[in-house]
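The values are calculated or read from the model by the stated rules, or taken from the named source; none is laboratory data. Owing to the predicted nature of the structure, the values given are computational and were not obtained by experimental measurement. Cβ sites come from the backbone with ideal geometry, for glycine too, and all protein chains shown count toward neighbours.
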Amino acid sequence: MTAACHRCGAAIETERVGVRDACGRCGAYLHCCRNCDLYEPGAHADCREPGAEVVADKDGGNFCDFFRPSARREGGPARAGDARAALEQLFRKP
């Protein structure tokens, strides 16, 4: 299975994600809310699974039975000027 680290975006190749597994690149926990396919900010407890318990630390490792590794790449280093460049591109006059 291929997953991605929520913090740095590194691809993770593993059979399963253990409770205390960490990203080899940045050290972030992999079995955490922010790295789960069910994670959705704004939903109840930030999770699409109605039976999931509320987890206070979304970045910390947890024991959630509903955890499914996510392949989306949220993290990664961003350059300071990237947002400004994107806005200037968007509002550029023809």
Next on the checklist: Filter the stretch 1-35 down to the residues that are within 12 Å of Gly60 (Cα to Cα), assigned to a strand (DSSP E or B) and either touching a residue at least 40 places away in the same chain (Cβ under 8 Å) or not aliphatic (A, V, I, L, M) (or both) and list them by number.
Outcome noted: Tyr29
Checklist entry - So is Ala52 surrounded by 18 or more Cβ atoms within 10 Å (Cβ to Cβ), under 11 Å from the mean Cα position of the chain (by Cα) and at pLDDT 90 or above or not? => result no
